[in-house]
1. Within region 113-129, restricting attention to residues that are over 27 Å from Ala74 (Cα atoms) and in a helix (DSSP H, G or I), which residue is most open to solvent (accessible area, probe 1.4 Å)?
2. How many of the residues making up region 34-50 are open to solvent by 40 Å² or more (accessible area, probe 1.4 Å) and either farther than 16 Å from Val63 by Cβ or part of a helix (DSSP H, G or I) (or both)?
3. From Ala19, Ala65, Ala101, which residue is among the small types (Gly, Ala, Ser), within 26 Å of Ile128 (Cα to Cα) and surrounded by 14 or more Cβ atoms within 10 Å (Cβ to Cβ)?
4. May I ask you to say which residue of Glu193, Glu173, Glu162 is closer than 16 Å to Ser140 by Cα and not polar (S, T, N, Q)?
5. Evaluate the following for Ile165: is it within 16 Å of the ligand (Cβ to nearest atom), outside the structural domain of Val50 (by TED's automatic domain parsing) and farther than 23 Å from Tyr86 by Cα?
6. Going by the conditions given, is Asp166 surrounded by fewer than 21 Cβ atoms within 10 Å (Cβ to Cβ), part of a helix (DSSP H, G or I) and not basic (Lys, Arg)?
7. When residues of region 229-248 are filtered for being open to solvent by 40 Å² or more (accessible area, probe 1.4 Å) and at pLDDT 95 or above, how many remain?
8. Restricting the first residue to region 241-253 and requiring it to be more than 17 Å from Thr55 (Cβ to Cβ), which pairs with a second residue that is at pLDDT 95 or above and part of a loop (DSSP other than H, G, I, E, B) meet a Cβ separation below 6 Å and a spacing of at least six or different chains?
Amino acid sequence: MDVVSGSASGLLGARLAVALDSKVVPCEIRRFPDGEAYVRVAEDLAGREVAVVQTTWPDPHFVEALLLRDAVLAMRPRRAVLVVPYFAYARQDKRFKPGEALSSVALGKVLAEGWDEFVTVDVHSPEILKQVSPAARNISALSEVAQYLRGKGVDLVVSPDEGSIDRVRPVAEAVGVPFDHLVKNRIDSERVEIAPKSLHAKGKRVAIVDDIVSTGGTIAAAASALKAAGASSVLAACTHGLYAGGALKRLHAALDDLVSTDTVESATARISAAPAVAAAL
Ligand code: R5P
């Protein structure tokens, strides 16, 4: 299966091609002076199997994914899969207030159309994919995260909130250490508070695991609660490191280590999701 990488996912696309023992199809992707995208797939994909890999964050990368679909499907490949390593807008998984847009489902439907399969990685709420398309499915890169944590000598894995327990508990099991969770209250889009709770963190090397780090508010508050509980070190690992605004600076001050996967390219992306994606394809 050949790989077409959008400009948000060049690194993961190249690693995926290696993992699949295939190649990256040459493409020309550039921006016009006004910011609009130009996309050209420079090889005929007729009758071939192809995976297009493109994170849809920030917004211009979403448009690029739609243009890649048009370019690829027009060539009539035998099988065409869209892999969206980080599917943006998926956190809005309900209409919390009347009149809100259900962005996860609305944008998922637009993305999924036309592909034989639409694959996301550690999407915030996998249940929303049922409303998106029968061709949509989610895979996880958290076994790769667990493998990283095993090499770090972690003693305890912690989820920052109750909503992530089912996602994070298997990481603790894979690392072979106890699991605990915090109780998070979101104050606003940047600030969270962690409710008081007894934590068996004294003298332990603790890893906080989350799906997404955006402003870093969640991880910073969780790290401070764990340090207050006597943790000897606190590292944070996530699948998708977005690091909005000054998040990286804030987190480097709060943590002993910060790591993410290459679903989003950043300075912390030291874990690759490629083996998980390759196995799923
Ligand atoms: C929320 O439920 C997610 O799992 C993350 O905890 C959240 O998106 C992190 O956002 P931030 O870094 O802005 O606190």
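1. Here the answer is Glu127.
2. Residues meeting the conditions: 7.
3. Ala65
4. Testing whether each residue is closer than 16 Å to Ser140 by Cα and not polar (S, T, N, Q) leaves just Glu173.
5. When the stated conditions are applied, Ile165 does not pass them.
6. yes
7. Selection size over region 229-248: 3.
8. Ala247/Thr215; Ala247/Gly216; Arg250/Gly216; Leu251/Gly216
The values are calculated or read from the model by the stated rules, or taken from the named source; none is laboratory data. Since the model is a prediction, treat every value here as computed from it, not as a measurement. Note: ideal-geometry Cβ built from the backbone for every residue, glycine included; neighbour counts use all protein chains shown. Accessible surface is based on the protein model in full, side chains and every heavy atom, while ligands, DNA and RNA are left aside. Shrake-Rupley method; radii C 1.70, N 1.55, O 1.52, S 1.80 Å.
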